[in-house]
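J.: I am attaching a structure below and will ask some questions about it afterwards.
The values are calculated or read from the model by the stated rules, or taken from the named source; none is laboratory data. What you see is a predicted model, and the numbers here were worked out from it, not measured in a lab. Note: ideal-geometry Cβ built from the backbone for every residue, glycine included; neighbour counts use all protein chains shown. Ligands, DNA and RNA are stripped out before the accessible areas are found, and what is left, the full protein with its side chains, is counted by its heavy atoms. Shrake-Rupley method; radii C 1.70, N 1.55, O 1.52, S 1.80 Å.
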Amino acid sequence: MTELLRVPDRPVDGPVFTLRVPTEEDAYAWHRVFDDPEVMEFHGGRPAELSVYQEFTARQRRHDAELGFCLWTLLDDSGEVVGFTGAQPWPHPWGPVGAVEIGWRLGRRAWGKGYATAAARTTLERVRAAGVERVVAMVLAGNERSVAVTRRLGMRLEETLPLPGHEERYAHRFGLEL
């Protein structure tokens, strides 16, 4: 059964959307929506293979079952997949190991419409309800759209560190006490 996270029909400060636990079919939708070098500029620089999204959606279903939150599939008011937003344990051996990271990635047609901020606010409510007391957001230097979302959420820049294997690139860690 697919869980849908309901939001008000008309959010006060954003678009109408739905979040759901990613389905197996969402791997195909994410692969399609993110098949754009501009979308992937700060996520590896090129579109990922379908198998990456198949593993990723499976991992998110496990997170939701075990933790009560994950990176949820984000649907617009017509029910079309436009990306994902949510939270997960930080998945890398560098950076904020042990922290819960909030994140978002949207297809280009959803940019500039308020989805990332509105859905991230819903994420904060959901992780707070799951007992999480603090979250981080890792944003690559230069990703001004995502930096703007962190600011709208009230997050503060806590650290800038080199990206492992790409020491000429930096990641910013933003934090927020819930």
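J.: Using a 1.4 Å probe and ignoring any ligands, DNA or RNA, find the accessible area of Arg32 and quote it in Å² to the nearest 10.
T.: Result for Arg32: roughly 140 Å² accessible.
J.: Which residues make up the longest stretch of the chain that has no chymotrypsin sites (Phe, Trp or Tyr not before Pro) in a DSSP loop with at most 15 other Cβ atoms within 10 Å?
T.: The segment 1-93 is the longest one with no such site.
J.: Quick one: with all protein chains in place, what share of the accessible area of region 106-158 is carbon or sulfur, to the nearest percent (1.4 Å probe)?
T.: 46
J.: Could you report region 49-100's accessible area per residue, 1.4 Å probe, as an integer in Å²?
T.: Roughly 44 Å² per residue, with all protein chains present.
J.: In debye, nearest 20: dipole of the chain around its Cα centre with unit charges on the Cβ of K, R (+) and D, E (-)?
T.: Details: 22 positive and 26 negative charges, 82 e Å.
Rounded to the nearest 20 debye, it is 400 debye.
J.: Rounded to the nearest 20 debye, what is the charge dipole size of region 109-166 about its Cα centre when +1 sits on each Lys and Arg Cβ and -1 on each Asp and Glu Cβ? Mind dumping the intermediate values first?
T.: Details: 10 positive and 5 negative charges, 68 e Å.
Result for region 109-166 is approximately 320 debye, rounded to the nearest 20.
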